[in-house]
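> Below you'll find the structure I mean.
The values are calculated or read from the model by the stated rules, or taken from the named source; none is laboratory data. Everything numeric in this text was worked out from a predicted model, so none of it was measured. For neighbour counting, all protein chains shown are included, and Cβ atoms are generated from backbone atoms with ideal geometry for every residue, glycine included.
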Amino acid sequence: MKSALTKLLPVLFCLLLVPRLPAADEPKLSPLPAPVSNNAVAISHDEGGARIFSFMGIGPKKTWDAITTSTYEMDPGAGKWEEKRPVPGVAGRLAASAIALHDQVFIFGGYVVDAQGGETTVSDLNVFVPVENRYYRGKDIPVPVDDAVVGLYRDRYIFLIGGWSTSTGDAVRNVQIYDTDKDTWMQATPIPGTPVFGHAGAILGDTIVYVDGAYKNPSGPGAKYLASSECWMGKLPNSKKGDITKIVWTKLPPHPGNARYRIAAGAGPLEKKAGRIYFSGGTDNPYNYNGIGYNGQPSEPSPVTFAFNLRTRQWETVSDNTPEPTMDHRGLLVAHRGLVLVGGMEKGQQVTAKVTVVKPAPRK
């Protein structure tokens with residue numbers, strides 16, 4: 001009996017070590033090849049494993065000619081970035097939205113800036129095929145938007161929620177649905193609250209949640225745009241026979257922290273028991289692409305990270321003091337290692353190449 005136990009001890013010891021090995025071997029995520037902010041980000045989970053993508057954005061000069069068409073791809077298993085074919089177009093874009101589905105990444109809208117500072121929202125839908133390092137063009141967005149919220153529903157339909165459009169000269173209420181199978185667009189129930197741009201949110205299951213953003217100052221004097229404190233939840237049909245263009249909107253109570261602009265947001269389980277939509281950073285002082293507020297004051301990032309729990313339908317504070325907070329984001333990636341923020345602006349409106357992982361505290 002003693003002999004058998006002696007033989008088993010090394011095996012038991014090895015088994016005890018197994019859960020620790022993946023974490024110990026997990027590589028650090030390298031900084032981007034170049035600092036960039038307001039870049040559209042996405043994460044894919046195809047058969048080849050997870051991949052992180054960054055498209056376009058603005059460099060450290062924060063001028064019209066610092067806007068880039070660059071595309072970067074990372075294998076989180078290796079932790080290194082690889083430069084890919086640039087996004088098509090004669091100029092880079094800001095405030096585009098990106099989302100991955102299977103082996104493709106869909107890149108929607110955004111705006112271009114000319115040498116005189118003029119801004120034009122584009123209707124482009126570019127689809128990136130990573131394995132072939134190529135793009136093809138999808139059907140144009142009916143109402144061109146930038147600074148919109150993007151979300152995926154039923155692994156087929158991509159929602160563009162609100163955003164700014166130079167075609168209307170204001171933020172729009174439109175909720176536009178792209179059918180990836182048919183390359184067609186539909187219009188859904190508009191957002192009921194104040195039309196905003198630079199808001200943040202995502203879709204998880206049959207639920208849309210978005211918060212904040214900026215809107216035109218109705219009083220005229222002072223800052224041209226103000227931060228919105230509105231938070232909304234939209235319920236989509238939970239049956240395949242339901243009309244996906246019909247959204248039931250409900251106003252939510254305020255989230256933790258101040259109302260903010262260009263928060264990083266993303267959806268994912270991270271935990272088996274409850275899905276959450278996460279929000280991190282952003283600023284309470286809406287600004288133009290150079291990080292200077294419409295009120296003339298420099299904008300600074302918020303250190304608050306919070307989440308909406310879909311099971312309890314409650315807000316949760318993840319951190320009141322997130323290390324090295326950032327703003328000017330177009331998405332947050334929820335991965336098994338934590339909440340991944342790619343680039344952005346740090347304190348002092350400094351454009352960064354850092355890839356930051358915010359780790360929520362374990363739930364009891």
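> Among residues belonging to segment 236-259 that are among the charged types (D, E, K, R) and modelled with pLDDT of 95 or more, point out the one that is farthest from THR189 (Cα to Cα).
LYS251
> Right, something else. Could you say whether any residue in segment 158-169 is assigned to a loop (DSSP other than H, G, I, E, B), on the phi > 0 side of the Ramachandran plot and more than 17 Å from the chain's Cα centre (by Cα)?
Yes, segment 158-169 has at least one match.
> Here is a further query. Exactly one condition in (1) in contact with a Lys or Arg (Cβ under 6 Å, 6 or more places away or on another chain); (2) assigned to a strand (DSSP E or B) is not met by PRO190; state its number.
PRO190 satisfies all of (1) in contact with a Lys or Arg (Cβ under 6 Å, 6 or more places away or on another chain); (2) assigned to a strand (DSSP E or B) except (2).
> Is it the case, given these coordinates, that SER280 is within 21 Å of ARG330 (Cα to Cα) and either out of contact with any strand residue (DSSP E or B) (no Cβ under 9 Å at 6 or more places or on another chain) or polar (S, T, N, Q) (or both)?
Judged against the criteria, SER280 is a match.
> Also, I was wondering about something else. Would you check which residues across segment 114-136 are in contact (Cβ under 8 Å) with a residue 40 or more places away in the chain, in a strand (DSSP E or B) and out of contact with any Gly (no Cβ under 9 Å at 6 or more places or on another chain) and list them?
Matches in segment 114-136: GLU119, THR120, PHE128, ARG134, TYR135.
> With the requirement that a residue be at pLDDT 95 or above and either under 20 Å from TRP315 (Cα atoms) or basic (Lys, Arg) (or both), what does segment 217-235 give you?
ALA227, SER228, SER229, GLU230, CYS231, TRP232, MET233, GLY234, LYS235 - these are the residues of segment 217-235 that are at pLDDT 95 or above and either under 20 Å from TRP315 (Cα atoms) or basic (Lys, Arg) (or both).
> Look at segment 310-342 and say how many of its residues are part of a loop (DSSP other than H, G, I, E, B) and out of contact with any Phe, Trp or Tyr (no Cβ under 7 Å at 6 or more places or on another chain).
Total satisfying the criteria: 16.
> Residue under question is LYS241, and the condition is that it be without any contact (Cβ under 8 Å) to a residue 60 or more places away in the chain and either in a loop (DSSP other than H, G, I, E, B) or surrounded by 23 or more Cβ atoms within 10 Å (Cβ to Cβ) (or both); does it hold?
Judged against the criteria, LYS241 is a match.
> Which ranges mark the strands (runs of 3 or more DSSP E) fully within segment 47-109 that have 2 or more residues being in contact (Cβ under 8 Å) with a residue 60 or more places away in the chain, in contact with a strand residue (DSSP E or B) (Cβ under 6 Å, 6 or more places away or on another chain) and of a type in the set (Gly, Ala, Ser)?
Qualifying strands (runs of 3 or more DSSP E): 49-58, 97-101.
> Moving on. May I ask you to verify whether THR166 is surrounded by fewer than 20 Cβ atoms within 10 Å (Cβ to Cβ) and farther than 27 Å from LYS241 by Cα?
yes
> Determine whether VAL129 is surrounded by 14 or more Cβ atoms within 10 Å (Cβ to Cβ) and under 30 Å from GLY49 (Cα atoms).
Judged against the criteria, VAL129 is not a match.
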